[in-house]
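A short write-up of the structure that comes next.
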Amino acid sequence: MPKTFFSEEQQNQIVEAIRQAELLTSGEIRVHLEPECKTEPYERAKTLFVELGMHATEQKNGVLFYLAYQDKKFAILGDTGIHEKVSQHFWDEVKTELQAHFKQGNFTEGLAKAILKAGEKLTQYFPRLSDDTNELSNDLSFSGDNA
């Protein structure tokens, strides 16, 4: 079940990384888990991006970390606002680092570091404004196997 892939403590660590990453940016970061990915992970992430309402952020600066843990697949998707500012090289770099952590079984640490790295990049291009509101939940989202 997706909600039990990470312990409550691990989920809290990931949510805290999202909170920390979003402190200095108007960007929005989400993490979504499910056991299996029946399509190409990037395509699944694009579908989830819309389902989670991430495409509706004002500055188009959402970032989704998608993980299909049983299939050992994942994707990172940045909305058009952030993707236009950073090169594909940045996303590939984050993906490579995340993959290295995952191969060692360090899912929580890897996600936390990748989230903070994305947050740093978002801060460069989308600094937090005084009237900024958190447009999307920081909680992990789940689907599949009764979530």
Would you pick out the residues in the range 63-77 that are at pLDDT below 95 and under 16 Å from VAL50 (Cβ atoms)? none
For the list (1) surrounded by 23 or more Cβ atoms within 10 Å (Cβ to Cβ); (2) touching an Asp or Glu at 6+ places or on another chain (Cβ under 8 Å); (3) over 18 Å from LEU122 (Cα atoms), I need the number of the one condition that PHE74 fails. (2)
Among the residues of the range 81-114, write down those that are exposed (fewer than 14 other Cβ atoms within 10 Å of the Cβ) and in contact with a helix residue (DSSP H, G or I) (Cβ under 7 Å, 6 or more places away or on another chain). none
Which condition number in (1) within 23 Å of LYS3 (Cα to Cα); (2) touching a residue at least 60 places away in the same chain (Cβ under 8 Å) is the one that LYS73 fails? (2)
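Determine, yes or no, whether GLU97 is touching a Lys or Arg at 6+ places or on another chain (Cβ under 9 Å) and modelled with pLDDT under 95.
no
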Looking at ARG30 and the list (1) more than 30 Å from PRO127 (Cβ to Cβ); (2) at pLDDT 95 or above; (3) of a type in the set (D, E, K, R); (4) touching a strand residue (DSSP E or B) at 6+ places or on another chain (Cβ under 7 Å), which single condition is not satisfied? (1)
Just a yes or no: is a residue in the range 52-65 of a type outside the set (A, V, I, L, M) and under 17 Å from PHE102 (Cβ atoms)? yes
Criterion violated by ARG19 - all others in (1) surrounded by fewer than 16 Cβ atoms within 10 Å (Cβ to Cβ); (2) not in a helix (DSSP H, G or I) satisfied: (2)
State whether one or more residues within the range 35-54 are within 18 Å of GLN124 (Cβ to Cβ) and surrounded by 23 or more Cβ atoms within 10 Å (Cβ to Cβ). no
Which is outside any helix (DSSP H, G or I) and of a type in the set (A, V, I, L, M, F, W, C), of LEU111, LEU129, LEU116? LEU129
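The values are calculated or read from the model by the stated rules, or taken from the named source; none is laboratory data. This structure is a prediction, so every number in the text was calculated from the model and none was measured. Glycine gets a Cβ as well: all are built from the backbone with ideal geometry, and neighbour counts include every protein chain shown.
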